[in-house]
Amino acid sequence: MKLKIFLTAMAVCFMGLYGCGTASDKYISKYKGANGKYGFYNEKTGKQISLPMWDEASFFYEGLAMVMFNNKGEKKYFYVDITGTVVIGVGYDAANIFYSYGYAHVAKKNEKGELKWGCIDKYGTEVVPLVYDKVSHLGFVKDLCAVANFDKEGKLKWGFIDKKLNTVIPFIYEGGKVSYGFSDGLAEVELDGQKIYINTKGERVEKR
């Protein structure tokens, strides 16, 4: 509850002090304050955008920056826009930046304390549910997303799901560059210790 009140107060503060500008994030950078925490400022104008209040902060990607608040050892991750306003305030247990495809992979602990991963879009919509042991950092590439779960033997196995969350390529691959998804219709994967290529139907093909 304290964290929720804190974030709401900061969001109102930022909007009141700095407005909801639409400037590009090109000149927005992070800085470290005297208190050891991070805030943001405009490199071009020198104007402070947000107070140093975050224990961790990324640079801006796709108009959003990932920030982390450490509440007595409990780390929670959020996303702020170029005004410093918290726009995705779920409070994830682990998170990463948004990449060029417009997705970020995030995680929360389940009831067993296990970290489960999924993907969100720039509006905070959960496009891949947080139920997987690993998820591609790129999200959906060519309408398919690489996801992985540990099998009964404790081995991580990758497969692909579509945007309707159907498994279209089974969880049988061991790694390789599977998390990078498809490029020119092919994905590099590893099966039985061997690097191979598959198409979007999961068929093995030779790379030309």
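In table form, for the structure just shown:
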| read-out | value |
| --- | --- |
| Estimated dipole of the chain in Debye, rounded to 20 [Cβ of Lys and Arg +1, of Asp and Glu -1, Cα centre] | 440 debye |
| ³J(HN,Hα) computed for each position of region 121-135 - Karplus, 6.51 cos²θ - 1.76 cosθ + 1.60, integer Hz, glycine/proline x | 9, 6, 9, x, 6, 7, 8, 10, x, 7, 10, 9, 7, 8, 9 |
| Too-long pairs where the Cα-Cα distance tops 28 Å, listed order kept, from Lys75/Lys122; Lys76/Lys201; Lys44/Lys163; Lys72/Lys157; Lys37/Lys155 | Lys76/Lys201; Lys44/Lys163; Lys72/Lys157; Lys37/Lys155 |
| Spin-label proximity, Tyr99 to region 105-129 - amide N less than 20 Å from point 7 Å beyond Cα toward beta carbon | 105-108, 116-129 |
| Computed lengthening from Thr45 to Tyr180, 0.36 nm per intervening residue step minus Cα-Cα distance | 44.9 nm |
| Amide H partners (placed H, <5 Å) of Ile49, local residues excluded | Phe40, Tyr41, Asn42 |
| Cα shape, region 101-208, gyration tensor, a/c 1.5 rule | oblate |
| Ala34 versus Lys155: modelled label distance in nm, points set 7 Å from Cα along the beta carbon direction | 5.8 nm |
| Simple label model, 7 Å out from Cα along Cβ direction - Lys195 to Lys207, nm | 0.6 nm |
| Gain on full stretching of the segment that runs from Lys72 to Thr167 - 0.36 nm per residue minus C-alpha separation | 30.2 nm |
| Ranked by how many other beta carbons lie within 10 Å on average, peptides 115-127, 155-167, 190-202, 132-144 from highest | 132-144, 115-127, 155-167, 190-202 |
| Within the chain, helix-based [θ] at 222 nm, where runs of 4 or more DSSP H residues each add -39,500 (n - 2.57), nearest 500 | -2500 deg cm²/dmol |
| Degrees, to the nearest 10: 2-18 long Cα axis against longest axis of the chain | 70 degrees |
| Whole-angstrom gap from region 63-113 to region 117-187, using each part's C-alpha centre | 19 Å |
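None of the figures in this text is laboratory data; all of them are computed from the coordinates on show. No experiment lies behind these values; they were computed from the predicted model shown. All Cβ positions, glycine included, derive from the backbone under ideal geometry; neighbour counts span all protein chains shown.
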